[in-house]
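Following: one structure in structure tokens, then a few remarks.
Readers should treat all values here as calculations from the given coordinates under stated rules, not as data from a laboratory. It should be emphasised that the depicted structure is a prediction, and the values quoted were computed from it without experimental measurement. A quick note on method: Cβ atoms are made from the backbone with ideal geometry, for glycine too, and the neighbour counts reach across all protein chains shown.
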Amino acid sequence: MRNIYIKYLAAIVLGAFTVTACTDEFLEVDPSGTQIENNYYKSAAEAYNGLVAAYDPVGWEASGSYANFVGLNIASDDHLSGGGSSTDVPWYQVWNTYTLTPTDGPQIGFWSKNFTGVSRANTILSKLEGTIPGLSEENRKRYVAEAKFLRAYYYFDLVRLFRNVPLVTAPLLTSEIYNIEQASPDEVYGQIEKDLTEAFAESNLPNTVPAATEGGRITKGAVQALLGKVLLYQKKWVESAKQLAEVNGTPGGTSKYGYKLLTKYSDIFVPTNKFHTESILEIAHTSLAATPGSTPIPQREGLFAALMTGPRSYSGPTYSPGFGLAPITLNLYNAIRPDPRYKTTVANIDSLAKLGAKYVPSYLNTGYFMKKFAPLIAYQATSGQINQNYPQNYIEIRLADTYLMEAEAVVQGGGDLGRAAALLNAVRARVGLLPVAATLDNIYQERRLELATEGHRWYDLVRTGRAATVLAFKGFVAGKHEVLPIPLTELTNTKLVQNPNY
């Protein structure tokens with residue numbers, strides 16, 4: 001859903017509660033933006049453009065700071081910060097050492113990205129309440145369902161990362177920004193569930209979409225998978241298992257939505273194998289965009305994470321050079337080295353020395369880097385800013401993930417352990433591993449290895465209460481570091497309150 005419309009539409013639909021909400025510059029430009037928006041949405045094409053704008057932040061990898069799965073990896077026990085030095089990409093360095101402050105950390109990126117998405121979703125939803133010339137009722141209902149999903153998606157990130165956030169479900173006037181207060185997490189989760197439930201109930205939301213023309217658009221399966229995940233995070237075990245079972249179908253088989261585990265694990269991450277049967281929620285990237293170096297990172301169409309995590313100043317086979325961020329810890333290396341998924345997950349750059357490879361070791365270098373999203377020579381762009389245009393998509397929810405989430409919910413909720421074991425062992429069987437019992441420890445370990453480097457580990461540690469113990473070596477403090485601080489710029493002259501202990 002990311003395309004050229006965004007280049008001009010962002011100025012039209014950006015809402016009030018985003019980025020630096022209290023600057024004089026913002027207050028000066030907002031009225032003219034409001035006037036443009038009031039004159040927009042006069043045709044079906046403009047309504048579609050507004051929907052595209054609401055989708056766009058899903059693919060942002062940065063906004064104020066790098067707000068993507070690389071930072072989440074670095075916050076976990078599976079990765080270190082890396083980079084050129086202890087001050088390179090400082091917002092990652094302080095998350096790695098848990099020395100976050102209201103001014104230092106990745107929080108402004110995550111905050112502005114997701115509230116931009118919320119604002120755009122609110123805008124298009126408000127416009128879809130009225131009559132838009134030329135827009136069919138069928139498409140109007142589909143757009144409403146998609147926009148509600150997107151608002152839920154953005155708020156799910158916000159409540160997990162910050163816990164205490166404003167709940168905004170309609171476009172805000174500039175004058176309203178300063179008086180808005182934070183909602184309780186329960187209220188935010190309630191709205192997320194409401195939006196997803198209503199989106200799923202919408203009959204015009206398709207079960208599948210044509211990958212060539214609509215790959216990345218929301219389907220019923222994606223809505224139900226996210227709802228199951230949201231319920232899991234709230235420890236609503238029975239309800240979560242019910243939703244996820246609808247997504248998963250018979251373990252190892254093909255679900256009603258057409259989802260099926262790929263036979264070969266490595267095929268999940270092949271850059272040319274996009275929107276395959278294991279993909280439920282996938283974020284598209286391309287190497288074809290003619291991206292100038294001056295273009296803000298959120299507007300770049302390639303996978304910027306590939307450049308960020310490639311080995312520094314590398315020369316040799318297979319890979320292109322990168323920034324050397326997020327080297328894999330020895331702890332994860334030792335855990336996954338005997339596993340069949342090791343070769344797909346870990347790029348052992350030191351082992352390439354015998355083939356003539358050279359690189360500059362990162363800060364906190366281990367020699368082990370992310371392979372699933374590596375900057376591969378074979379897929380380098382041929383135009384634009386070549387080193388920023390890697391074509392790998394990022395699959396945020398895939399079938400093995402929902403299998404393991406359902407297995408966990410079943411065990412926690414006292415459900416059918418036979419089904420939980422079947423789900424767990426279908427994931428293991430795909431890579432040739434023998435069956436194990438459906439225990440929480442086994443499920444958690446399987447999630448770590450199956451989903452390694454994909455941005456799930458930190459969330460899993462926090463939601464299961466294991467973060468304080470597992471991340472103690474990094475300085476994690478219980479009661480504080482489960483969430484990020486509210487960005488200091490968002491507290492100035494507003495009624496927002498900082499998170500505890502920051």
Worksheet item: Dividing the alpha-carbon Rg of the range 181-250 by 2.2 N^0.38 Å yields what?
Response: 1.23
Practice prompt. Would you mind checking Lys141/Lys194; Lys229/Lys260; Lys229/Lys495; Lys113/Lys236 for any pair whose Cα atoms are more than 26 angstrom apart?
Written response: Lys229/Lys495; Lys113/Lys236
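Mind checking the dipole of the chain: about its Cα centre, +1 per Lys or Arg Cβ, -1 per Asp or Glu Cβ, Debye to the nearest 20? Working shown, then result.
On the way: 45 positive and 46 negative charges, 287 e Å.
I would put it at about 1380 debye.
From Cα pairs below 8 angstrom and at least 6 apart in sequence, can you work out the relative contact order of the range 377-502, rounded to a whole percent? Provide the component values of the computation, followed by the final result.
Values: 89 pairs, mean separation 17.2, N = 126.
Across the range 377-502, relative contact order equals 14 percent.
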Item to complete: Would you calculate a helix-derived [θ] at 222 nm for the chain, using -39,500 (n - 2.57) for each DSSP H run of n ≥ 4 and dividing by the full residue count, to the nearest 500?
Response: -13000 deg cm²/dmol
Response to the item:
Once the dipole of the range 106-204 is set up from charges on Cβ (+1 Lys and Arg, -1 Asp and Glu), the residue from the list Gln191, Val168, Thr123 lying farthest towards its positive end is Thr123
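Taking only the alpha-carbon atoms of the range 26-172, what semi-axes of the equivalent ellipsoid follow from 5 times the gyration tensor eigenvalues under a square root, in whole Å, largest first?
Working: eigenvalues 249, 50, 32 Å².
With the √(5λ) rule applied to the range 26-172, the semi-axes are 35, 16, 13 Å.
Remind me, relative contact order of the range 226-269 in percent, using alpha carbon pairs under 8 angstrom and six or more residues apart? Don't skip to the end; give the middle numbers.
Values: 31 pairs, mean separation 10.0, N = 44.
Relative contact order comes out at 23 percent.
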Worksheet item: How far apart, in nm, are two points set 7 Å out from the Cα along the Cα-to-Cβ line at Asn39 and at Leu434?
Response: 7.3 nm
Worksheet item: With a Cα-only, solvent-free Debye model of the range 386-478, what are the log10 I(q)/I(0) values at q = 0.11, 0.20 Å⁻¹?
Response: -0.39, -0.98
Worksheet item: Any idea which of Ala381, Trp60, Pro90 is furthest toward the positive side of the dipole for the chain, if Lys and Arg beta-carbons carry +1 and Asp and Glu beta-carbons -1?
Response: Ala381
Worksheet item: So what are the ³J(HN,Hα) numbers for the range 387-401, from phi and the Karplus equation (6.51, -1.76, 1.60; θ = phi - 60°), rounded to whole Hz, Gly and Pro as x?
Response: 6, 10, 10, 7, x, 4, 7, 10, 8, 7, 10, 10, 5, 4, 4
Worksheet item: What ranking do Arg120, Arg466 get, fewest neighbouring Cβ atoms within 10 angstrom at the top?
Response: Arg466, Arg120
